[in-house]
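These notes concern the structure reproduced below.
The values are calculated or read from the model by the stated rules, or taken from the named source; none is laboratory data. The model shown is predicted, which means the values in this text are computed figures rather than measured ones. Every residue, glycine as well, gets a Cβ built from its backbone with ideal geometry; the counts of neighbours run over all protein chains shown.
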Amino acid sequence: MTVEILGRTFTLKGSMAPENLHAVAREVDNTLRELQRAFPTRPLSDLAILAALNLAYECLESKEDYQQLHADIEKRSRQLIQMLDADGSSFLPGS
C-alpha cells in the first residue's frame, strides 16, 4: 500500500490493517507539517528527528498512563474482593 508524507509517496508493507497504516502515516505527516510550520528553515532531517522524539514521547506517556490505570484497576479490584470476602459474599461458581 502507498501513503503520502510531506508530498512524498512511500510504499508500506506490514501486518497492520491498511486503515491503521493510513492513520499512522497521517499522524507522521501532521506532526512533520506542524514542525515545518514552526521551524521553516530547518532541514527535513532535523524535522524528522524532532517528529520521532515527539511521537516517542507521546507513546511513552500513553504507556505510563496505561500502567497507572492498570495498577489502579488492580488495586480497586483487590479492595472490592476484600469487601465481598468481609461480607461473606462471592460471585464465584460453587462458592
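Structure notes:
Here's the yes/no breakdown for (1) modelled with pLDDT under 95; (2) part of a helix (DSSP H, G or I):
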| position | (1), (2) |
| --- | --- |
| 9 | no, no |
| 32 | no, yes |
| 57 | no, yes |
| 64 | no, yes |
| 81 | yes, yes |
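Listed here are the residues, each with its yes/no results for (1) out of contact with any strand residue (DSSP E or B) (no Cβ under 8 Å at 6 or more places or on another chain); (2) at positive phi; (3) surrounded by fewer than 13 Cβ atoms within 10 Å (Cβ to Cβ).
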site	(1), (2), (3)
4	no, no, yes
8	yes, no, yes
18	yes, no, yes
22	no, no, no
34	yes, no, no
37	yes, no, yes
41	yes, no, yes
48	yes, no, no
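- Across segment 4-41, the number of residues qualifying as acidic (Asp, Glu) and more than 18 Å from residue 58 (Cβ to Cβ) comes to 2.
- Hey, residue 35 more than 23 Å from residue 1 (Cβ to Cβ) and touching a Leu at 6+ places or on another chain (Cβ under 6 Å) or not: yes
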